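To keep things clear, I will list the structure first and then write my remarks on it.
The values are calculated or read from the model by the stated rules, or taken from the named source; none is laboratory data. Computed from a predicted model, the values in this text were never measured in an experiment. So basically every Cβ, Gly included, is an ideal-geometry build from the backbone, and we count neighbours across all protein chains shown. Heads up: the accessible areas ignore ligands, DNA and RNA and are worked out on the full protein's heavy atoms, side chains in. Shrake-Rupley method; radii C 1.70, N 1.55, O 1.52, S 1.80 Å.
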Amino acid sequence: MNKPDHTQAGSPYRGHCQPSDPHSLPAWLYINEEYFEVERETVFRPSWQVVCHLSDVPDVGSYHTFDFIGEQLFVVRGEDQQVRGFHNVCRHRAARLLDGPSGRLRGRVGCPYHAWSYNLQGHLTALPQRASYGDLDLSQHSLVPVETEVFFGFVFVRLQGGGPSVGEMMAPYAHELSAYRFEELQPLGRVTMRPRSLNWKNIADNYSDSLHIMVAHPGLTRLFGQSYGIEASTWVDKLWGTLQDKPSSKWSERLYQKHLPVVDHLPAERQRLWTYFRLWPNVAFDIYPDQIDFMQFIPISATESVIREIAYVLPDERRGMKAARYLNWRINRQVNVEDTDLITRVQSGMGSSSYTSGPLGSSEVCLRHFAQRLRTLIPEACAYQAPPPGWSQRRAAEPWAPSAPSTPSTPYAKDTL
């Protein structure tokens, strides 16, 4: 069944909207494979993606692999101590070079297919039957590099250059992050991958949504009370809540409140503060006094994603800190269960013939800003109905766009519950 076209007089969804209109992204963007392919090229190839922390590649030859939107990548620490990123593909016959999530090389990257060999700077140094290749210039067959940036100890890569650095994107919050000694973090456990039958935007929308906290997260409400706040800057959403002194009725939350120890290097206002940052478009950092997590919403298809996450901590053998980290995990495991139920409900509703788009309140500053940026990048996202199939091939020759500003018109907005 086709969705109603909403073209009747008086409908708020006639044809298309402007990028800055206060409405949610239309439902077809969450289920349409053709739009997803455009998003891969327009949103994700130019985006920064976190791969690991420097502590995950501590020694010369240590590497970490990362697969993203059909590309195979890895980062490796060279003999000069620099961490570099490369495509995880041999220049001979395209064989995958490195397997598994991580490991350590002994001075070279060797291809398991035909034994082509590269040094840790990515240069081709040796290959069997060298003479049979004539005057082959080895310097022209180095591994293909990928742009790499280290920000506060975390290693990011970007497939397609252009746009601000991670440091520039996070600049409004660098003074806050500096208190947490990011560079000294060590992994707590391993990277986990959680497949979800969801469009990545549903996960991102939920992460930056504040209205559901007091409705669907009773544990967070018991912890934060009325203190939960959100704001949207140009490239980053920030969310936060302060632990209240009133003991929770649930034992895990009550014990967390009780046993969370003082962290000497944090200022007083951050001793009981939980802060969340979402970096455009799909990388999030959860910052607690006791640990720091990163989470990525990795797109697989229009209706499939993988949530990739890991926690990092500073060395601290105090019993209170160990207890706090365990209790943090218990609390947030329940939050994740609640969120999974919520966004699964939303994803199923995106296929309903009854739904096109919904109004966003003035307090929904992050969702408004996110929708505005996507509509500006991909003007077809302003349409309330999917264009006829094949539109993505025609868009370069016949660009479609409503009259709209070229950049989001609201660079900064804030709301506190």
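Of the listed requirements (1) under 22 Å from the mean Cα position of the chain (by Cα); (2) hydroxyl-bearing (Ser, Thr, Tyr); (3) closer than 24 Å to Arg368 by Cα, Thr221 misses just one: (1).
Can you tell me which residue within segment 172-209, out of those that are small (Gly, Ala, Ser) and more than 19 Å from Gln49 (Cβ to Cβ), is most open to solvent (accessible area, probe 1.4 Å)? Selected residue: Ser197. When segment 81-118 is limited to residues that are closer than 13 Å to Ser62 by Cα and outside any loop (DSSP other than H, G, I, E, B), the one that is most open to solvent (accessible area, probe 1.4 Å) turns out to be Arg104.
Rundown of residues vs (1) under 24 Å from Leu54 (Cβ atoms); (2) surrounded by fewer than 22 Cβ atoms within 10 Å (Cβ to Cβ); (3) among the acidic types (Asp, Glu); (4) modelled with pLDDT of 95 or more, yes/no style:
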site	(1), (2), (3), (4)
Arg270	yes, yes, no, yes
Ala284	yes, no, no, yes
Phe297	yes, no, no, yes
Glu304	no, yes, yes, yes
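When we screen Ser348, Ser252, Ser352 for residues that are among the small types (Gly, Ala, Ser) and in a loop (DSSP other than H, G, I, E, B), the only hit is Ser352.
For segment 65-80, taking the residues that are open to solvent by 20 Å² or more (accessible area, probe 1.4 Å) and over 21 Å from the mean Cα position of the chain (by Cα), the one that is nearest to Cys52 (Cα to Cα) is identified as Arg77. Scoring His369 on the criteria (1) outside any helix (DSSP H, G or I); (2) out of contact with any helix residue (DSSP H, G or I) (no Cβ under 6 Å at 6 or more places or on another chain) leaves a single failure, condition (1). Across segment 335-365, the qualifying residues are those that are open to solvent by 60 Å² or more (accessible area, probe 1.4 Å) and touching a Lys or Arg at 6+ places or on another chain (Cβ under 9 Å), and the one among them that is farthest from Gln385 (Cα to Cα) is Ser362. Summed over segment 24-73, the residues that are in contact with a helix residue (DSSP H, G or I) (Cβ under 7 Å, 6 or more places away or on another chain) and of a type in the set (Asp, Glu) give a count of 2. Look through segment 127-142, keep the residues that are open to solvent by less than 80 Å² (accessible area, probe 1.4 Å) and more than 21 Å from Val75 (Cα to Cα), and return whichever of them is nearest to the chain's Cα centre (by Cα). Filtering first and then ranking leaves Leu138.
Test Pro19 against the stated conditions and say whether it is in a loop (DSSP other than H, G, I, E, B) and touching a helix residue (DSSP H, G or I) at 6+ places or on another chain (Cβ under 6 Å).
Spelling it out, Pro19 is indeed in a loop (DSSP other than H, G, I, E, B) and touching a helix residue (DSSP H, G or I) at 6+ places or on another chain (Cβ under 6 Å).
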